[in-house]
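Here's the structure we're looking at; comments come further down.
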Amino acid sequence: MSGPESPTAETDDAIGEALAVVARSAPEIRGGLAGRRTKTGGENASGETQLAADVWADELLAERLTAIEGVGQFASEERDEVVDAGDGEYAVAVDPLDGSSNLRSNNSMGTILGVYDAELPASGRDLVAAAYVLYGPITTMVAARDGEVTEYVIESEARSASDRSSGDSREQTAEAREDGEVRRRAVREDVTLPEDPTVYGFGGRVPDWTDRFADYAREIEDELKLRYGGAMIGDVNQVVTYGGVFAYPELRSRPEGKLRLQFEGNPIAYIVESAGGASSNGETSLLDADVAELHQRTPVYVGNEELIERLEAGF
Ligand code: AHG
Ligand code: MN
Ligand code: MN
Ligand code: MN
């Protein structure tokens, strides 16, 4: 997948179509969050309280992704079981809304997509593409496919009246028809993580972890910048932009970690490793982690290769 293309452009492959569905749905999902911040009273397979937005985004993506010819399976953080979508070759796994707890506090959130060429649950090595959308001050999407990572700005053509100052009523009418057209404009091709092992400790949740980071920062005479946004996608995008490490390690209360391998760990590891970084569950690349069940959790460390190696070696 190279360079900019509009998600409305006809793509002749299921992988491209899945990426386009997520890009095209991004403005709509962003626009639908405001009125869906209430709890549904339901729980997902991970035992998490579901917000109306979680369920709504899941249903919206399920409908569009299962409609793709080449998609044979659909799985979601919000659904207990894999959904059979016909005899397509690919299985798509989504975290429809990442960072749901940020919705009440109006902080960044995301959507994560993994496209596997295997039945789910599957190894990260079966991924053929992955992407995340970040609902931040602007809406961006980072997508990895065939070893290439591209960052896009996602714009919907719904412009304010003031933006349409020019042109006569005929032209404005034409523009009005365009509203809702979604454009995906590549802003960074061949995204790679910055080289220098600047020590950012995102999600340094375990006290001794922060100490290890601090010791390492002193060793390389760098500052230790701890930043934690509460939504993996926002924190990962910090790493993709500035380098460093995002970690959600195992905790005393969660020895297996919190994040889900199929929906969060694998797709993000695929993207960060495609961008020249590394991933780990503490022992090995997340993409090589043993797969047991659909909603299995894993510790997640992604970012600069040198830092990840140090973390695996216990600094
Ligand atoms: P989700 O909203 O999809 O369940 O994901 C939340 C995850 C991840 O986005 C974030 O890194 C982590 O949970 C935050 O966990 P804490 O609230 O425990 O910090
Ligand atoms: Mn959740
Ligand atoms: Mn998530
Ligand atoms: Mn989620």
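Can you sort Asp126, Asp98 by how many other beta carbons sit within 10 Å, fewest first? Working shown, then result.
On the way: Asp126 19, Asp98 26.
Result, fewest neighbours first: Asp126, Asp98.
Find how much the distance from Glu221 to Asp80 grows on full extension, using 0.36 nm per residue of separation minus their present alpha carbon separation; answer in nm with one decimal.
46.0 nm
Compactness ratio of region 248-293: Cα Rg over 2.2 N^0.38 Å, N = residue count? Walk me through the intermediate numbers first.
On the way: Rg = 10.6 Å, N = 46, 2.2 N^0.38 = 9.4 Å.
Normalised Rg, Cα atoms only: 1.13.
Fewest Cβ neighbours within 10 Å first, please rank Ser25, Ser101 accordingly.
Ser101, Ser25
Can you tell me how region 85-158 classifies by the Cα gyration tensor, rounded, prolate or oblate, using a/c under 1.5 as the rounded cut?
Prolate, since a/c reaches 1.5 and a/b exceeds b/c.
Rounded if a/c is under 1.5, else prolate if a/b beats b/c, else oblate: with a ≥ b ≥ c from the C-alpha gyration tensor eigenvalues square-rooted, which is region 1-134?
On the way: a/c = 1.99, a/b = 1.36, b/c = 1.46.
Because a/c hits 1.5 or more and a/b fails to exceed b/c, region 1-134 counts as oblate.
Can you tell me how region 228-315 classifies by the Cα gyration tensor, rounded, prolate or oblate, using a/c under 1.5 as the rounded cut?
Verdict is rounded for region 228-315.
Measuring from centroid to centroid over Cα atoms, what is the spacing of region 231-263 and region 271-315 in Å?
So the two Cα centres are separated by 10 Å.
Tell me, in nm to one decimal, what length is gained between Thr210 and Glu189 on full extension, where the rule is 0.36 nm per residue of separation less the Cα-Cα distance?
4.2 nm
Could you state the number of Å between the C-alpha centres of region 139-154 and region 103-129?
Measuring centre to centre over Cα atoms gives 14 Å.
Provide the net charge surrounding Val191, with neighbours chosen by a C-beta distance below 15 Å and charges set as Lys +1, Arg +1, Asp -1, Glu -1.
-3
A short reminder: the numbers here are calculations on the coordinates, not readings from a lab. Everything numeric in this text was worked out from a predicted model, so none of it was measured. So basically every Cβ, Gly included, is an ideal-geometry build from the backbone, and we count neighbours across all protein chains shown.
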